[in-house]
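Just below is one structure, and these are the notes that go with it.
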Amino acid sequence: MLKRDGDYLIKAVAAGGQVRACAISSRNLVEEIRKIHGSSPIATAALGRTLSMALMMGADLKGENETLTIQISGDGPLEKIVVTANSRGEARGYVNNPYVIMEPNAAKHLNVGGAIGKGKLTVIRDMGMKEPHVTTINLHSGEIADDFTYYFAISEQTPSSVGLGVLLNKKNYVRAAGGFIVQLMPNCEEPYIITLEENLAAFSNVTDVLKKKETTPEDLLRIILDGLDIEFGERQKVNLYCTCGDERNIRVLSSLPKDQLKEIIDEGKDIEIECEFCKKKYKYPIKKIEKIYKSK
Ligand SMILES: [Zn+2]
């Protein structure tokens, strides 16, 4: 049994399989990424929402080595968010400008839509062979949950409802984070759709539920799917995990053109590579670069 405050996601079906759903509690990993990047409240909210989404979508990947990447590029000050997740509940991510500060929006909430601006949402499914499957749509509001509701409607013709939330406390630490996806299967009967619409209309928001003590992703789904006879699947743990390392760095260095390697050697300084996802620093002596240069 996982303890209540451990991050996890859970899948469910309802209405005899006519509705599919997933919910996640991601407070710990969003707080961890906030610390890693030293991100501002608005950047933490944007990155945290995208991480929750990627983990829920990643849970639907079939193969062990498949990955799902979400890229959100806008003309707002955050510029770009990149998050990658796999089917094992592991994710990593970064935002181009993690220190952005903005006034709250009209509803006195973090203005994530304004910080992202107008732009594109891209989802890349990499099956570990041949070309990855890439889908790009225009951002709808930049609030992320809305954008994914549109994404599912446009790219997968699946009527969906997506909720995502990150709530910070007075010290700007992450107090609650999570989300849900609810999708109608093509055979979904009208009375179920009406019940679901009523439940969603009465629903406040994700963090209002998850901030309360002892509430879980299951509770989120019990509220949204009330009256639809839910069957829960297994809980899956979720956490941050980075795939950076020496092997990957050497591959990148080896792929540099010869004249660029020559420039590094002529400069004569050891080089440092910082992972943009987890901020880990790797140092390589100039001798290593000379070796790569000679082997080309
Ligand atoms: Zn890393």
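The values are calculated or read from the model by the stated rules, or taken from the named source; none is laboratory data. What you are looking at is a predicted structure, and each value in this text was computed from that prediction instead of being measured. Glycine also receives a Cβ, built like all others from the backbone with ideal geometry; neighbour counts cover every protein chain displayed. SASA here: full protein model, heavy atoms, side chains in, ligands and nucleic acids out. Shrake-Rupley method; radii C 1.70, N 1.55, O 1.52, S 1.80 Å.
With axes computed from alpha carbons, what is the tilt in degrees of helix 145-155 against the longest principal axis of the chain, rounded to the nearest 10 within 0 to 90?
Around 90 degrees separate the two axes.
Heavy-atom accessible area of Arg175 with all protein chains present, probe 1.4 Å, nearest 10 Å²?
Arg175 exposes around 130 Å² with every protein chain in place.
Name the residue from Ser141, Ser255, Gln157 whose Cα lies farthest towards the positive end of the charge dipole of the chain, charges +1 on Cβ of Lys and Arg and -1 on Cβ of Asp and Glu.
The residue sitting farthest along the positive end of the dipole is Ser255.
What are the semi-axes of the equivalent ellipsoid for the stretch 24-145, taken as the square roots of 5 times the Cα gyration tensor eigenvalues, largest first, in whole Å?
The equivalent ellipsoid of the stretch 24-145 has semi-axes of 25, 16, 11 Å.
Are there cysteines in the chain with no second cysteine's Cβ under 4.7 Å away, and if so, which?
That list is Cys22, Cys188.
Name the residue farthest towards the positive end of the dipole of the chain from the options Ile224, Phe277, Gly128, assuming +1 on Cβ of Lys and Arg, -1 on Cβ of Asp and Glu, about the Cα centre.
Going by the charge dipole, the pick is Phe277.
On the first, second and third principal axes, largest extent first, how far apart are the outermost C-alpha atoms of the stretch 160-281 in Å?
Principal extents (largest minus smallest coordinate, Cα): 71, 42, 25 Å.
Can you compute the charge dipole magnitude of the stretch 46-120 about its Cα centre, using +1 on each Lys and Arg Cβ and -1 on each Asp and Glu Cβ, nothing else charged? Give it in debye, rounded to the nearest 20.
120
Specify the longest stretch of the chain that does not include any exposed loop site, a site being one of the chymotrypsin sites (Phe, Trp or Tyr not before Pro) with a non-H, G, I, E, B DSSP assignment and at most 15 other Cβ atoms within 10 Å.
Between the exposed loop sites, the longest stretch runs 174-296.
For the chain, compute Rh as the Kirkwood radius over C-alpha pairs and then the Stokes-Einstein diffusion coefficient at 10 °C and 1.306 mPa s; write the answer in µm²/s, rounded to an integer.
78
Could you state the accessible area per residue of the chain in Å², with a 1.4 Å probe and every protein chain left in place?
52
Could you sort out which of Lys212/Lys281; Lys62/Lys213; Lys35/Lys108; Lys130/Lys280; Lys120/Lys279; Lys35/Lys237 sit more than 28 Å apart by Cα distance in this structure?
Lys212/Lys281; Lys62/Lys213; Lys130/Lys280
Given a 1.4 Å probe and every protein chain left where it sits, what share in percent of the accessible area of the stretch 246-295 is carbon and sulfur?
Exposed carbon and sulfur together represent 49 percent of the surface.
Once the convex hull of the C-alpha atoms of the stretch 246-295 is built, how many Å³ does it hold per residue, rounded to a whole number?
Considering the Cα atoms of the stretch 246-295, their hull volume per residue is 76 Å³.
Plugging the Kirkwood radius over Cα pairs into Stokes-Einstein for the stretch 212-296, at a temperature of 4 °C and a viscosity of 1.567 mPa s, what D comes out in µm²/s?
Diffusion coefficient, whole number: 76 µm²/s.
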